[in-house]
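J.: This is the structure, below, for whatever I ask next.
The values are calculated or read from the model by the stated rules, or taken from the named source; none is laboratory data. Keep in mind that what you see is a predicted model, and the values were worked out from it rather than measured. Glycine gets a Cβ as well: all are built from the backbone with ideal geometry, and neighbour counts include every protein chain shown. Each accessible area value is taken on the protein alone, full model and side chains, heavy atoms only, with ligands, DNA and RNA left out. Shrake-Rupley method; radii C 1.70, N 1.55, O 1.52, S 1.80 Å.
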Amino acid sequence: MSRYVLPLSVLGTAVGGAVLLKDFVAGGACPSKATIPGKTVIVTGANTGIGKQTALELAKRGGNIILACRDMEKCEAAAKEIRGETLNHRINARHLDLASLKSIREFAAQVTEEEEHVHILINNAAVMRCPHWTTEDGFEMQLGVNYLGHFLLTNLLLDKLKASAPSRIINVSSLAHVAGHIDFEDLNWEKKNYDTKAAYCQSKLAVVLSTKELSRRLQGTGVTVNALHPGVARTELGRHTGMHSSAFSSFMLGPIFWLLVKSPQLAAQPSVYLAVAEELEGVSGKYFDVLKEKPPAPEAEDEEVAKRLWAESVRLVGLEMSHGSYGERGQPLPK
């Protein structure tokens, strides 16, 4: 037996080292132990993946959680599961389809009417590298869901967030924003050949740009807004990428994916951190790469691009400025 001791010891050390390396690369758990009893939290796309784990983590910390999802069957199931695991019964499932401006307005109206406060809004839902689909209102799907849908939702809830201050908005972006470019001549991919990757990167760049601009507009209100890259996670988000479409790629890249790709639970930690950390009180307009604040791509810090994108977004989703806030314009939306 003694001849097996050294090999087993080496193997154990290697496995242990690999696990520690994976945790280091993945960024680790939220360092804050802060709780949020009584605080109302909205998490979009919370029936699966990162969103579900974010909702679970915040439910454990005592929050009143609203799961905002398109698929209500899955949403109700997730809410039931979270209630059972946390024994927190303040978990509600509500319908929200970010590919429908009508649905977004209905959701925001319901929240405004029924909720006394909204302390934390986590814009998490996303689609990634889907085919050239369009939303109900004619927007390219990735731009519509990842950016414009959340843009409208956030603006419609701003008065509630301001009234609940100090409050926080967390926008889930992606490291992919560094490869993005805002094409104001063809934001909606109506002229050029559709590039699913470029469309995704543009949508995530738009998220960071609008975070910067919204932060500027919210100065002095007690509402903060930050964007983050959660890391690459094993979720349904990557179902259109074909990442594991062949046995060869899965075999060859498997060890790399194991090292770099997180569990949804670990990928939720940055959103949880930005939502609860006491040391981030008052921090706004920043970009976090996992748990660390970092500079975003140069285009993401271009104030003129941010202002132009904001104005175009207001036009696209049908908002207007009125006494410092946004209301519905009541005009037909572009198709």
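J.: Test of understanding: what is the full-extension gain from GLU293 to GLN265, defined as 0.36 nm times their sequence separation minus their Cα-Cα distance? Provide the component values of the computation, followed by the final result.
T.: On the way: separation 28, 0.36 × 28 = 10.08 nm, distance 2.03 nm.
This chain segment gains 8.0 nm when fully extended.
J.: Under the rule a/c < 1.5 gives rounded, and otherwise a/b versus b/c splits prolate from oblate, where does the stretch 61-163 land using the Cα gyration tensor?
T.: Oblate shape, in that a/c is at least 1.5 and b/c is the bigger or equal ratio.
J.: Okay, moving on. For PHE288, which sequence-distant residues (separation of 5 or more, or a different chain) have an amide H within less than 5 Å of its own amide H, given hydrogens modelled in the peptide plane?
T.: Close amide H contacts, sequence-distant or interchain: ALA227, LEU228, HIS229, LYS294.
J.: Between ALA109 and ASP71, what is the spin-label point distance in nm, taking each point 7 Å from the Cα along the Cα→C-beta axis?
T.: 2.8 nm
J.: Restricting to DSSP loop positions (anything but H, G, I, E, B) with no more than 13 other Cβ atoms inside 10 Å of their own Cβ, which GluC sites (Glu not before Pro) remain in the stretch 149-230?
T.: Passing both the DSSP loop test and the Cβ count: GLU185, GLU190.
J.: Still on this structure: In nm, to one decimal, how far is the modelled label at GLU136 from the one at ARG90, with both set 7 Å along Cα→Cβ?
T.: Placing both labels 7 Å beyond Cα along the Cβ direction yields 3.0 nm.
J.: Over the stretch 55-198, what is the percentage of antiparallel beta bridges among all DSSP beta bridges, to the nearest 5?
T.: 10 percent
J.: Working with all protein chains in place, sort LYS80, LYS212, LYS294, LYS102 by solvent-accessible area computed with a 1.4 Å probe, largest first.
T.: So, going from the largest accessible area down, we get LYS80, LYS102, LYS294, LYS212.
J.: In the neighborhood of ALA34, defined by Cβ-to-Cβ distances under 14 Å, what is the net charge if each Lys or Arg adds +1 and each Asp or Glu adds -1?
T.: +1
J.: Now, a different point. Spelling out what I want: for every residue of the stretch 115-122, take phi, set θ = phi - 60°, compute 6.51 cos²θ - 1.76 cosθ + 1.60 (Karplus), and round to whole Hz; glycine and proline get x.
T.: My calculation for the stretch 115-122 gives 9, 5, 9, 10, 9, 9, 10, 10 Hz in order.
J.: Report the label-to-label distance for ARG308 and LYS33 in nanometres (one decimal), using points 7 Å from each Cα along the Cα→Cβ vector.
T.: Label at ARG308, label at LYS33, 5.0 nm between them.
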